[in-house]
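**Q** Submitted below is the structure of interest, expressed as structure tokens.
Bear in mind these aren't lab numbers, they're just calculated from the coordinates by the rules spelled out. It should be emphasised that the depicted structure is a prediction, and the values quoted were computed from it without experimental measurement. Don't worry about glycine lacking a Cβ; one is built from the backbone with ideal geometry, like all the others, and counts go over all protein chains shown.
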Amino acid sequence: MASPWPWSSRTREATERGQSSYREATMDRTTLRKELKRIVSGGEPRRAALEKVAALIKESGNHRWVGLYDVDPTAGLVSNIVWSGPGAPEFRTFPITKGLTGSAISTRKTVNVGNVRSDPRYLTAFGTTKSEIIVPIFDSTRENVVGTIDVESEQPNAFDPQTEGLLEECAELLTPLWRASH
């Protein structure tokens, strides 16, 4: 089945040419931002838009798995909305205080772990995950964390500062999809 994303053929071709760098086969920042803006302003139902967002982020960096989560401080829970990857997360809903996500919410900062096996906060979702990054999504006032982007990789130290910055830009662009739900 052909991918719905226009950069997929470039990614595949780069990989087929044997480019050794993980980053060489990824979508450029401008294209990713443009596509996210298009999805966010497209007027689709929230879940459908977020399914596209998760797939887009996954494809953009050749990531193995991407999940998008709602944060409900009143209930004290984090809940998966959508994911793109080999399967559902092990924990679809969990306490707001648990895992790397709990740390990202409480500190209101991105949590980037290059070796999840050495971090006691890690909640095992997939046995093959080696690194994970959790990026908070803020409400329009930037006071409260209302969601997160969770990206996992089978490669250790997969998320360099440029990738971290790009995912933080993605979170900023996605704020309207959370504003509409709260």
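**Q** When every alpha-carbon pair in segment 84-136 is counted, what percent end up more than 13 Å apart?
**A** Tail fraction, whole percent: 58.
**Q** Arrange the peptides 40-46, 82-88 so that the one whose residues have, on average, the most other Cβ atoms within 10 Å appears first.
**A** Ranking, from highest mean packing down: 82-88, 40-46.
**Q** List the lysines whose Cα lies under 18 Å from the Cα of Lys52, skipping any in the same chain that are fewer than 8 positions away.
**A** Within reach: Lys34, Lys37.
**Q** What net charge do the residues around Lys130 carry, taking every other residue with its C-beta under 13 Å from that of Lys130, with Lys and Arg at +1 and Asp and Glu at -1?
**A** Its environment carries a net charge of -2.
**Q** If the label point is 7 Å along Cα→Cβ of Ala75, which residues in segment 136-169 have backbone nitrogen under 14 Å from it?
**A** Backbone N within reach: 147.
**Q** Please give the net charge around Asn112, taking every other residue with its beta carbon less than 10 angstrom from that of Asn112, where Lys and Arg add +1 and Asp and Glu add -1.
**A** Neighbourhood net charge equals -2.
**Q** For segment 8-179, just the Cα set please: Rg and Dmax, both in angstrom.
**A** Using the Cα atoms of segment 8-179, the pair Rg, Dmax is 15.3, 51 Å.
**Q** By the scheme Lys and Arg +1, Asp and Glu -1, what is the net charge of all other residues having a beta-carbon under 10 Å from that of Val66?
**A** Taking every Cβ under 10 Å from that of Val66, the sum is -1.
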